[in-house]
Every structure is written in structure tokens, then in C-alpha cells.
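Nothing in this text is a laboratory measurement; each read-out follows from the coordinates by a stated rule. These numbers were taken from a predicted model, which means no experiment stands behind them. Positions of Cβ are backbone-derived with ideal geometry, glycine not excepted, and every protein chain shown enters the neighbour counts.
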Amino acid sequence: MGAARRALEEMRDLARSKRRGLTQQGVAGRSVFQFDLGYCEQALNAARANIVDAYRRAWHSILETGNALSPEAEIELRSAAVFATDVAVEVTRRMFRHAGAHALYSGNVIERCMRDVQAASQHFVMSQSSYELRGRALLGFEELRPME
């Protein structure tokens, strides 16, 4: 999420001076960029709130019971992390698109952010199967294996 936040802030700053297209319209003046900037800001905030809330509930559960987390709680944490990663990838992708060819150069901040979030999304723990597991937990299925 930090890399996505950095891409968003970098593109916000770049948009003030960047021009694209045949008309050389400023990126900041384009309604599609304004929409994406507003949407991505809200998406990052929502994903962060979701993951913080899931970890807060897990922490309180451990403090109250003194027991290890239940498989359901582990699955909730994992699916919150996957969701946050999915949001980070989408936010960074949108900012990368608005940066244009400028973002293709090795060493560009937005290029590095894109590479980093893509790498994180490839990790085993970030598998889309966590959503299926979360659904199984919500449906009350008995055999749940959080790291499946």
C-alpha cells in the first residue's frame, strides 16, 4: 500500500506540470485524471481501514481469549491483505497510465512502484483463493485451511 500511495502522490505532483496528447492539455486539468485521483485516494483509504480493522479485531480476540486465532480470523486477515494488495495494484496501474511514456523509464518512481506492487501481488499469500476461503468461512464451512 505504501508503494501505491507513493505512486499516487508522485503522479499528483507530476500532473501539475505534465502535458499529454495532441492538444498538450495538462494532465491535472483532465476530468478523467481528477476522477482517478479522487477514486484512488478513497480506495487506498478504504483498503487501509479494512486491514487495520481486521487486525484490531484479531488482536482483541487474542487478548480476550488468550488463544491462537481461529481459522476464520486467519482467513479474514489474509483476505484483507489480498484486498489491500489488489487495491494497491489498481491504484498504481491507474497512476502509471496517466504518467504516460515517462513512467516506462527504469528508475522512474512510478515505474518502481508499479514493479513493486506487481511483485507483491505474485506472492503465494496474495492468491485470489483467499476470497474463496473467506466466502467458505462466511458460509460456515467446517474444514477451513487458511494457507490453502
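Numerical summary
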{"item": "Those residues of the stretch 100-148 which are in a helix (DSSP H, G or I), surrounded by fewer than 17 Cβ atoms within 10 Å (Cβ to Cβ) and among the polar types (S, T, N, Q), in sequence order", "result": "Q118, S121, S129"}
{"item": "Matching residues in the stretch 21-50 - criterion: being of a type in the set (D, E, K, R) and either assigned to a helix (DSSP H, G or I) or closer than 27 Å to S121 by Cβ (or both)", "result": "D36, E41, R48"}
{"item": "Matching residues in the stretch 82-103 - criterion: being under 20 Å from F124 (Cα atoms) and of a type in the set (F, W, Y)", "result": "F83"}
{"item": "Boolean, R94 is in contact (Cβ under 8 Å) with a residue 40 or more places away in the chain and in a helix (DSSP H, G or I)", "result": "yes"}
{"item": "Criterion violated by N67 - all others in (1) part of a loop (DSSP other than H, G, I, E, B); (2) farther than 29 Å from P146 by Cα satisfied", "result": "(2)"}
{"item": "Subset of the stretch 33-65 that is free of Cβ contacts under 8 Å to residues at least 24 places away in the same chain and aliphatic (A, V, I, L, M) - its residue that is surrounded by the most Cβ atoms within 10 Å (Cβ to Cβ)", "result": "A58"}
{"item": "Some residue of the stretch 83-92 being charged (D, E, K, R), touching a Lys or Arg at 6+ places or on another chain (Cβ under 9 Å) and within 30 Å of K18 (Cα to Cα)", "result": "no"}
{"item": "Filter pass, R16 being over 25 Å from E132 (Cα atoms) and either of a type in the set (D, E, K, R) or within 15 Å of the chain's Cα centre (by Cα) (or both)", "result": "yes"}
{"item": "Boolean, V82 is surrounded by fewer than 19 Cβ atoms within 10 Å (Cβ to Cβ) and within 30 Å of L144 (Cβ to Cβ)", "result": "no"}
{"item": "Candidate set from the stretch 55-87 (those that are of a type in the set (K, R) and touching a helix residue (DSSP H, G or I) at 6+ places or on another chain (Cβ under 9 Å)); member that is nearest to E142 (Cα to Cα)", "result": "R78"}
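A quick yes/no check of all residues on (1) out of contact with any strand residue (DSSP E or B) (no Cβ under 6 Å at 6 or more places or on another chain); (2) of a type in the set (D, E, K, R):
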position	(1), (2)
G26	no, no
L37	yes, no
L44	yes, no
R48	yes, yes
L63	yes, no
